[in-house]
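Only the coordinates and a few stated rules stand behind these numbers; no lab work does. Computed from a predicted structure; not experimentally measured. Every residue, glycine among them, receives a Cβ derived from its backbone with ideal geometry; neighbour counts consider all protein chains shown.
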Amino acid sequence: MARRVNEHSIALAREWRRLGRAATVVAVLTSPALFLTLWDRFEWPLFWAILGTFLGIAAVRGAIDVVAHKLIPAPSLYGVEEELRAEDVTTRRRLWYWRRKYWRLFLLALAVGGVLLLIVAINSITGDDTSVGSALDAIGDAFVQFAPILLVQAPYIAIIFLANFLILFGPMLMLGIMQIKSYEPGDANWGVELGDVRGQAEAKQEITRVVSLWQSGEDFVKAGGKRERGVLFLGAPGTGKTMLSKAIATSFNCPFVTIPGSGFAQSFIGMDAVLVRWLAWKARRVARKWGGQCIVFIDEIDAVGSRRASLGNSDPQPHAIPSLHDDLFFGPRGALTQEGDLVLETAAWRERLFAARADPPRRIYPAFYDSIRKIVPGYAGQGSGLALNQLLVVMDGIDEPPPLRKFLTRKWNTFLDAMYIVPQRVGKLPLRKRPPRPRPEQIYFIGACNVDVERLDPALVRPGRMGRHIYFRTPTWEDRRDIFDLYLKKVAHDDELDTPAKRDELARITNGYSPAMIDQVCSLALTYAHDDDRDRFDRIDLLEAMTTVESGVAIGQPYPKHEERATAIHEAGHAVCGHLFMENRLSTRLSIRKRGSSGGHHQAMEVEDRFGHWRSEEVGDLIWGLGALAAEHVFYGQNTTGVTGDMRAATTRAALMVGFRAMGPTSIDLSDRIEDPEERAEAEERVRDRFLAIGRQIMNLSPGGLDTNPYRATLTDPDKRPLVAGLLGQGFVVAYQTILQNRAATARVADELIGAGELYGDDVTSLLDGVGLRKPEIDVLDEATWPPI
């Protein structure tokens, strides 16, 4: 239903139109008298007399409009026809123009009048001529005397001001500008194609679709679609975000402007906003040169795009599910123990490992920042937010008309409207400048960061800016196999590494490796081969290179013989229990070579990334962690100090299972063994107490580091603590019986490990498969079942 228009407002608008036309006719009819006055009486030249007459008519007409609008209200034209609305726009422009001109004339008259009154007052005191003419002559003489001096001195004053500005801000601003790097097609060969970005198939497909549509989506735009303006890369450091951006710039033959987010940090408020404007100017300049398109890549965008404090929650924490790695993550490999002897690759482990490798936040000149923070109250390094605000403005206005062209068009059209007698058009020929078109340059913003999207400002990541988010995952087993396929093509290697089985093994044993680490391992392996006068490397060279990349050169100091075997028994206990009870897990490494503080380790991985785990899988991991303690008790009747970390890891896992995952110990049911209910209940109670006693002993062996939230709540709860102890007791009994009933096989694994020093991939799994391991048979009513701990 159409909206009913106020007839009174329409009638008033039409009366305004008649009044305006009548006033214009009157002004034109009186123009000959003004022309004759200027030309004949004041003897102005013909051209100036005509021009003066024209301006005089416009000024009188403008004065009528200003006065009339003070006396008569303007109509409301909501919902009226297009013609009346267009006339209303012209009328408002005229009114705005002449109102400002007369207001300025009034202020000028006040200023001149004040000066005249001051001169007259001074002359009356000194006894000089007090006439207005004399005062005007004095003003004229002063102007003639001082105007040349001002004109001569003005450039010097401007140069001195500019020099001081450059001396104070120039070096700091220049350091920021130097971080803005632009690469035009042909300037730099990145050596990176889209095919070189491996392990991120979904991210490549998505960004290729977006950029292709952005570059040549004319049909998409004609169909009503709107090109996106920005995209955000999210993911752990080292997953290929920067590499993919370089591949985009190379593959799409497009200019590329880049700056780190920390590059916007400046010493004084406002300088960061200047850098953002400079970045936009540089991007537009290279875009005009290369077909109107440019990619702007901002790495570490969280340095400039973090949530503003005014939003109330400046550092939101996502609702993350508690992870074992929140408390157990040690060393550069993210081991579960302080000794570094248990490593389990999961998706959560990879995320934390890659995050731990992130570079610290960069600053342009940290020493200067630290000193200037103490003396400058407006220190921008604390986060003024101007850079973010300016970046948002730039992203919104990147396709707006040029400001100068828009300003000149508006001024010219307003001036012609204010002259009243210049029509809008003559026939089909318009006499006004058309509004400038939006900029033809297409600037596409790509941001990359390592933090959760919740930590970024909502205004930055909303639709219309960086509303599309592309997540980069840490390389999985399959991803690493794909990455090896890329880098092994570039270096000389033995043909045996080209079989699918060997490629699969290489991907399996490089747990937590980034593409850059795999590249480095391949190059380093070739170095070892060349040092041995071989032109290509083999599997042994690759394994040695992995050792160096992960933790430096292995320590060559030998163990004492008895300690070497004890260490091998310790690691074999982990491997045997893990091989039998860990579900969806695969051993990838078994070692007794010293690296740093680690004397050896057993490493495993999830066969496939999982988002949830069954209780049986969690219990299997618990038994794996307790396997070394069980092996030491089986072989030596006591344990070494090397189980300290194992006990902490086991206690933490059990507390997590009981306190967060509703996974308590297995219920004791002897109904198939004892028929009498009372006797059966007593026996079940005795079994539970024995599990509880063993578990309490193991908990007592753990360090006090777990006395922190969230595990403290579970371990100090009078109801849950016995469940944790019972779970630990059950896990240890199973581990103990596993080693006891597989004693010979465990000893064989330890002997093989002593001989090799380190086993990888297929060597580990073949050894564990070949020694004849079997799950134990446990009778809780048999005294021989219970370990003497």
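Report, ordered by chain and residue number, the lysines lying within cross-link reach of Lys289, taken as a straight Cα distance under 17 Å and ignoring same-chain residues fewer than 8 apart.
Correct list for Lys289: Lys181.
Excluding Gly645 itself, calculate the net charge of residues whose Cβ lies under 9 Å from the Cβ of Gly645, where each Lys or Arg counts +1 and each Asp or Glu counts -1.
Once all neighbours under 9 Å are counted, the net charge is -2.
Per residue of segment 192-208, what does 6.51 cos²θ - 1.76 cosθ + 1.60 with θ = phi - 60° give for ³J(HN,Hα)? Whole Hz please, x for Gly and Pro, Karplus curve as stated.
Whole-Hz 3J(HN,Hα) from phi for segment 192-208: 10, 10, 4, x, 7, 8, 10, x, 9, 4, 5, 5, 5, 4, 5, 5, 5.
So for segment 427-580, averaging the separation of alpha carbon pairs under 8 Å that are six or more residues apart and normalising by length, what relative contact order in percent results?
Relative contact order, segment 427-580: 16 percent.
Note the angle between two axes, namely the Cα long axis of helix 82-126 and the longest principal axis of the Cα atoms of the chain, as a number of degrees from 0 to 90, rounded to the nearest 10.
Approximately 70 degrees, to the nearest 10.
Can you give the longest run of the chain that contains no GluC sites (Glu not before Pro) sitting in a DSSP loop with at most 16 other Cβ atoms inside 10 Å?
On the way: sites that count: Glu43, Glu81, Glu193, Glu583, Glu608, Glu675, Glu777.
The answer is 194-582.
Mind ranking 507-517, 481-491, 402-412 by how tightly packed they are, going by the mean number of other C-beta atoms within 10 angstrom, highest first? Numbers along the way, then the final one.
Numbers: 507-517: 22.6, 481-491: 17.5, 402-412: 12.7.
Ranking, from highest mean packing down: 507-517, 481-491, 402-412.
What relative contact order, as a whole-number percentage, does the chain give when Cα pairs under 8 Å and 6 or more residues apart are counted?
About 12 percent, as a whole number.
Counting helices only, and only those DSSP H runs with n ≥ 4, report the 222 nm mean residue ellipticity of the chain as the sum of -39,500 (n - 2.57) divided by its residues, in deg cm²/dmol to the nearest 500.
Result for the chain: -18500 deg cm²/dmol, rounded to the nearest 500.
By a straight-distance test (C-alpha under 17 Å), which lysines pair with Lys594 as possible cross-link partners, with residues fewer than eight away in the same chain excluded?
Excluding near neighbours in sequence, the set is Lys561.
Taking a threshold of 20 Å on the Cα-Cα distance, which of the pairs Lys406/Lys433; Lys241/Lys490; Lys101/Lys411; Lys241/Lys489; Lys204/Lys241 fall above it?
Result: Lys241/Lys490; Lys241/Lys489 exceed 20 Å.
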